[in-house]
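The values are calculated or read from the model by the stated rules, or taken from the named source; none is laboratory data. Source: prediction; values computed, not measured. For neighbour counting, all protein chains shown are included, and Cβ atoms are generated from backbone atoms with ideal geometry for every residue, glycine included.
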């Protein structure tokens, strides 16, 4: 068997059609062309056991490094929000507009990443509401329903108005803490529990992005709290 993964793992390949394992890394497709066998059909010998790629230590380590990078984190973030949008539509929830960051090309999120960089130029690499420095941390642990940890400082795409899709105007990168705290709450509801300076930062951003909403925002925090 050939060696892979820093020369320490034997690897075998399952034929995509027959499922039979062999040391051959290519197969002849329906067009008669010899092409590489995709990663999902490979297995690696670790500790005497054949493991799928997502269970193989060196691949998981490599994948973790990618996801913890800015680009890798944003690629996954865009994929996740696109998936959430499809689920909402499937449930019949109406959302105004289209996701402006969708990129049909595999491994690309150019508009999404550019939108983040524009925000960084304006506010720095911090949440514009809480001023918490952004992180892009993804745990290296194997998935387990009992070990899921949400990092409050991780950057998180927030829709300013939840009935509008992920557009450049409506999408703000915030900390996960702010996004979870805000949820579906109205400005008036948030004003009852949050510090005035946080509400004022939020108000300024809303009015800047949506000038026509200024009259809605009432928008003196002290008056709302009275």
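Of all residues in the range 52-69 being outside any helix (DSSP H, G or I) and exposed (fewer than 15 other Cβ atoms within 10 Å of the Cβ), which is modelled with the highest pLDDT?
It comes out as 69.
What's the number of the condition residue 84 fails, among (1) surrounded by fewer than 16 Cβ atoms within 10 Å (Cβ to Cβ); (2) within 30 Å of residue 197 (Cα to Cα)?
Every listed condition holds for residue 84 apart from (2).
Just to be sure before I move on: is residue 76 assigned by TED's automatic domain parsing to the domain that holds residue 165 and touching a residue at least 40 places away in the same chain (Cβ under 8 Å) in the structure I sent?
When the stated conditions are applied, residue 76 passes them.
For the range 45-67, name all the residues that are within 13 Å of residue 14 (Cβ to Cβ) and in contact with a helix residue (DSSP H, G or I) (Cβ under 7 Å, 6 or more places away or on another chain).
53
Is there a residue being in contact (Cβ under 8 Å) with a residue 24 or more places away in the chain, closer than 30 Å to residue 169 by Cα and within 31 Å of the chain's Cα centre (by Cα) anywhere in the range 52-68?
yes
Please state which one of 17, 24 is on the phi < 0 side of the Ramachandran plot, within 34 Å of the chain's Cα centre (by Cα) and either modelled with pLDDT of 85 or more or part of a strand (DSSP E or B) (or both).
17
For every residue, the table says whether it meets (1) at pLDDT 85 or above; (2) under 28 Å from residue 201 (Cα atoms); (3) outside any helix (DSSP H, G or I).
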{"site": "44", "(1), (2), (3)": "yes, no, yes"}
{"site": "50", "(1), (2), (3)": "yes, no, yes"}
{"site": "71", "(1), (2), (3)": "yes, yes, no"}
{"site": "74", "(1), (2), (3)": "yes, yes, no"}
{"site": "100", "(1), (2), (3)": "yes, yes, yes"}
{"site": "107", "(1), (2), (3)": "no, no, yes"}
{"site": "128", "(1), (2), (3)": "yes, yes, yes"}
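Please tell me if residue 172 is outside any helix (DSSP H, G or I), in contact with a strand residue (DSSP E or B) (Cβ under 9 Å, 6 or more places away or on another chain) and surrounded by 14 or more Cβ atoms within 10 Å (Cβ to Cβ).
So residue 172 fits the description; yes.
Could you identify the single residue in 97, 72 that is touching a helix residue (DSSP H, G or I) at 6+ places or on another chain (Cβ under 9 Å) and under 29 Å from residue 150 (Cβ atoms)?
Unique residue meeting the criteria: 72.
I'd like to check something: does the range 181-201 contain any residue that is in a helix (DSSP H, G or I), outside the structural domain of residue 125 (by TED's automatic domain parsing) and touching a residue at least 40 places away in the same chain (Cβ under 8 Å)?
Yes, the conditions are met somewhere in the range 181-201.
Test residue 102 against the stated conditions and say whether it is in contact (Cβ under 8 Å) with a residue 12 or more places away in the chain, touching a helix residue (DSSP H, G or I) at 6+ places or on another chain (Cβ under 8 Å) and assigned by TED's automatic domain parsing to the domain that holds residue 155.
So residue 102 passes the test.
For residue 212, state whether it is at pLDDT 90 or above and either surrounded by 13 or more Cβ atoms within 10 Å (Cβ to Cβ) or outside the structural domain of residue 126 (by TED's automatic domain parsing) (or both).
Against the criterion (at pLDDT 90 or above and either surrounded by 13 or more Cβ atoms within 10 Å (Cβ to Cβ) or outside the structural domain of residue 126 (by TED's automatic domain parsing) (or both)), residue 212 does not qualify.
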